[in-house]
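Read the structure below first, then the notes.
The values are calculated or read from the model by the stated rules, or taken from the named source; none is laboratory data. Predicted, not measured: the structure shown is a model, and the values here were computed from it. As a convention, Cβ positions derive from the backbone with ideal geometry for all residues, glycine included, and neighbour counts pool all protein chains shown.
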Amino acid sequence: MSTTKEILSAAADRAPEEAYAGAVTCQEAYDLIRQDPQAKLIDVRTSAERDWVGRAAIPPEQHGAVQWSLYPGGAPNPDFLAQLEAVANKDDVLLFLCRSGVRSRHAARAATEAGYHHSYDILEGFEGDKDADGHRKTVGGWCKHGLPWVGA
């Protein structure tokens, strides 16, 4: 297992033009959670996704849930930053997770712009992209990589 410093250095190399601190793999995110009590996984999927699909099984004090978009309808969450402030501190290492790695990039960027300078996107997300048959959890993502999660 890589050290926190090694993981964050590799993540910074994956940052898109300094829009946020960097991007971590699912395994790196899990390793950071285990090594750094200041690290928090921020699940930006909708409440419905977490309820129906499952969520990462990590310590509750290192987990936050803040929807990037609202269900139903998918409208942007107007209270995203206020809700983030309720679950995270600006000095925390924030690891943003969504279904496949798109909303988490937007969330990491928005958090960075709001002063959360240790914001990271988790590549591949919780379920990853769809396979040739249209199924998720088979190509990439937290679940595919065998990291702990609990079902709905």
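Looking at the stretch 55-67 only, could you name the residues that are assigned to a loop (DSSP other than H, G, I, E, B) and within 13 Å of VAL150 (Cα to Cα)? Don't jump to the end; show me each part of the working.
Taking the stretch 55-67 as the starting set, the residues that turn out to be assigned to a loop (DSSP other than H, G, I, E, B) are 57-59, 66-67.
ALA57, ILE58, PRO59, listed by residue number.
Looking at this structure, is ALA111 hydrophobic (A, V, I, L, M, F, W, C), out of contact with any Gly (no Cβ under 6 Å at 6 or more places or on another chain) and crowded, with 24+ Cβ neighbours inside 10 Å? Walk me through how you get there before you give the answer.
On the way: hydrophobic (A, V, I, L, M, F, W, C): yes; out of contact with any Gly (no Cβ under 6 Å at 6 or more places or on another chain): yes; crowded, with 24+ Cβ neighbours inside 10 Å: yes.
Yes; evaluated as a whole, the condition is true for this residue.
Would you check which residues across the stretch 1-47 are in contact with a Phe, Trp or Tyr (Cβ under 7 Å, 6 or more places away or on another chain) and small (Gly, Ala, Ser) and list them?
If the condition is that a residue be in contact with a Phe, Trp or Tyr (Cβ under 7 Å, 6 or more places away or on another chain) and small (Gly, Ala, Ser), then ALA11, ALA21, GLY22, ALA23, SER47 are the ones that fit.
Go over the candidates ALA19, ALA11, ALA15, ALA86 one by one and state the one that is closer than 18 Å to TRP142 by Cα and either assigned to a loop (DSSP other than H, G, I, E, B) or not acidic (Asp, Glu) (or both).
Working: ALA19 fails: closer than 18 Å to TRP142 by Cα; ALA15 fails: closer than 18 Å to TRP142 by Cα; ALA86 fails: closer than 18 Å to TRP142 by Cα.
Going through ALA19, ALA11, ALA15, ALA86 in turn, just one is closer than 18 Å to TRP142 by Cα and either assigned to a loop (DSSP other than H, G, I, E, B) or not acidic (Asp, Glu) (or both): ALA11.
What about GLY64, is it within 15 Å of the chain's Cα centre (by Cα) and at pLDDT below 95?
no
A quick yes/no check of all residues on (1) under 28 Å from ASP131 (Cβ atoms); (2) among the acidic types (Asp, Glu); (3) touching a Gly at 6+ places or on another chain (Cβ under 8 Å); (4) exposed (fewer than 15 other Cβ atoms within 10 Å of the Cβ):
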position	(1), (2), (3), (4)
GLY22	yes, no, no, no
GLU28	yes, yes, no, no
LYS40	no, no, yes, no
LEU95	yes, no, no, no
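Checking the structure you have, find out if any residue of the stretch 92-100 is outside any loop (DSSP other than H, G, I, E, B), modelled with pLDDT of 95 or more and among the acidic types (Asp, Glu).
So far as the stretch 92-100 goes, no, none of its residues is outside any loop (DSSP other than H, G, I, E, B), modelled with pLDDT of 95 or more and among the acidic types (Asp, Glu).
Take the residues in the stretch 107-146 that are free of Cβ contacts under 8 Å to residues at least 40 places away in the same chain and outside any loop (DSSP other than H, G, I, E, B); name whichever of them is farthest from SER69 (Cα to Cα).
So the residue we want is GLU113.
Is it the case that some residue within the stretch 32-54 is of a type in the set (D, E, K, R), closer than 26 Å to ARG136 by Cα, modelled with pLDDT of 95 or more and part of a loop (DSSP other than H, G, I, E, B)?
Yes, because at least one residue in the stretch 32-54 is of a type in the set (D, E, K, R), closer than 26 Å to ARG136 by Cα, modelled with pLDDT of 95 or more and part of a loop (DSSP other than H, G, I, E, B).
Do you know which residues across the stretch 15-52 are over 15 Å from the mean Cα position of the chain (by Cα), touching a residue at least 60 places away in the same chain (Cβ under 8 Å) and farther than 15 Å from HIS117 by Cα?
Once the filter is applied, which keeps residues that are over 15 Å from the mean Cα position of the chain (by Cα), touching a residue at least 60 places away in the same chain (Cβ under 8 Å) and farther than 15 Å from HIS117 by Cα, the stretch 15-52 yields ASP51, TRP52.
From the set of residues in the stretch 96-129 that are of a type in the set (Val, Ile, Thr) and under 22 Å from GLY54 (Cα atoms), which is farthest from the chain's Cα centre (by Cα)?
Among those residues, the one meeting the criterion is VAL102.
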